[in-house]
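The values are calculated or read from the model by the stated rules, or taken from the named source; none is laboratory data. Just so we're clear, the structure is a prediction, and the values are computed from it rather than from any experiment. Quick reminder, even Gly has a Cβ in these numbers, built from the backbone with ideal geometry, and neighbours come from all protein chains shown.
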Amino acid sequence: MTASATETSSVYARPELLQVAETVARDKGIEKDEVLEAMEQAIQKAGRSKYGHEHDIRATIDRTSGEISLARYIEVTDEIENDVTQLTL
């Protein structure tokens, strides 16, 4: 059995990110969602730099509130091959 689980999660309200994304999108002539996706990737990269590149860290920005969620995912498995990224039930 293999599954994915969230180990830890942090949420930060940043409504100004939506304004920045909209301004950049308008100035550069690209979709706002593309700007938000790039921001999410940058936040993920910063999280991996801080907590370790071996971790599956994912960031999402809520498209209506600007809330940033940062979570570390781990794999639930029957047999552990990597103590950092996996655990058993």
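Look at (1) outside any helix (DSSP H, G or I); (2) free of Cβ contacts under 8 Å to residues at least 40 places away in the same chain; (3) of a type in the set (A, V, I, L, M) and you find that Leu70 fails only one, number (2). Restricting attention to segment 1-44, the residues that are at pLDDT 95 or above and not in a helix (DSSP H, G or I) add up to 3. Filtered by the rule that a residue be exposed (fewer than 15 other Cβ atoms within 10 Å of the Cβ) and modelled with pLDDT under 90, segment 55-75 gives no residues. The set of residues from segment 47-79 being closer than 18 Å to Ala13 by Cβ and of a type in the set (A, V, I, L, M) comprises Ala59, Ile61, Ile68, Leu70, Ala71.
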